[in-house]
Amino acid sequence: MAADAAEAVEVRGALLRLRRATGLPVAFGGLVEPGRPQIRISELCGHTTLALSSLAVVSGSGLGGKVVALSRPCAVTDYSTSRQISHEYDVAVAAEGLRSVVAVPVVVRRRVRGVLYGALRAAQPLGDRTLTAAVEAARDVEQALVVRDEAHSLMTAAREPETASGAAWEQVREAHGALRALAPRLMDPALRAELLEVCGQLAGAASAEPAAAHALGLAPREVDVLVCVAAGATNAVAAERLGLRPETVKGYLRSAMRKLGAHTRLEAVVAARRAGVLP
């Protein structure tokens, strides 16, 4: 799946969650176009027209452009009469019948990568609950973009792992662990599969990790726990990273050690690396 298509899936999913959490009738958004100071509205939910579809919002213009310029959430109670924003996009907004609108930036490494909007067809204030839900939706997209960026970097590192210095290889191992922990949280199955493929490349060769794990009878969560242990995490820290209980982590680790014929955590990590399960 192309990068932009995978990113669109994440934006669409975040907008759907925003509508479910708030009851807002309309949600839409898009990402900043590469090399251009504007976002392109690519995803719409609850719309009745195509007036906003593919609309290019320039930094500083309208509500979304203000959000891009300021890198912070903004809202207006009545879009067409608001004095807080410029009005380059009033025709499109009016065609969709939108009045009260909130916009939240998607920020990755201090750079705005997109904007998510939620809107009512009535001029009434949007409360803190709505703003909080919009911010949480944007955070979901941010996390997905970070994962994709890291995956791209890892793909580059995986092509020539033998040239990496000891320090660089340790960084690769740390990133491998972080990506394994993040993979289950991605809603896009294609992006999740791509991410796990990168992890497999880092463990030895393309698809080597799942094949090696399967040969040893290791479950995916057992591999996740081994990744955390290899990074020096305690059971409590591994549980926090993986969204599990410490007792569950302990159970997975015991099971993995048994399958690897290991008696200690260190032996388990060494055995997993020799088998090509870990980088």
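The values are calculated or read from the model by the stated rules, or taken from the named source; none is laboratory data. No experiment lies behind these values; they were computed from the predicted model shown. Positions of Cβ are generated from backbone atoms using ideal geometry, with glycine treated the same way; all protein chains shown enter the neighbour counts.
Which of the following residues is surrounded by fewer than 17 Cβ atoms within 10 Å (Cβ to Cβ), polar (S, T, N, Q) and either assigned by TED's automatic domain parsing to the domain that holds Leu16 or within 22 Å of Thr22 (Cα to Cα) (or both): Thr130, Thr48? Spell out the reasoning first.
Working: Thr130 fails: surrounded by fewer than 17 Cβ atoms within 10 Å (Cβ to Cβ).
Result: Thr48 is the single residue among Thr130, Thr48 that is surrounded by fewer than 17 Cβ atoms within 10 Å (Cβ to Cβ), polar (S, T, N, Q) and either assigned by TED's automatic domain parsing to the domain that holds Leu16 or within 22 Å of Thr22 (Cα to Cα) (or both).
The condition (being outside the structural domain of Leu15 (by TED's automatic domain parsing) and at pLDDT below 85) is satisfied by just one residue among Arg245, Arg241: Arg241. When region 238-279 is filtered for residues that are farther than 16 Å from Leu218 by Cβ, hydrophobic (A, V, I, L, M, F, W, C) and over 27 Å from the mean Cα position of the chain (by Cα), only Leu266 remains.
Selection of region 81-112 for residues being among the polar types (S, T, N, Q) and surrounded by fewer than 13 Cβ atoms within 10 Å (Cβ to Cβ) yields Thr81, Gln84. Pairing each residue of region 239-252 that is without any contact (Cβ under 8 Å) to a residue 60 or more places away in the chain with any residue that is in a loop (DSSP other than H, G, I, E, B), provided the two are 6+ apart or on different chains, yields C-beta distances under 7 Å for Ala239/Arg245. Here Cys228 meets each of (1) of a type outside the set (A, V, I, L, M); (2) buried (at least 20 other Cβ atoms within 10 Å of the Cβ); (3) modelled with pLDDT of 90 or more with one exception, condition (3). In region 46-122, counting only strands (runs of 3 or more DSSP E) that sit wholly within it, the ones holding 2 or more residues that are out of contact with any Asp or Glu (no Cβ under 8 Å at 6 or more places or on another chain) and modelled with pLDDT of 95 or more span 74-76, 100-108, 111-120.
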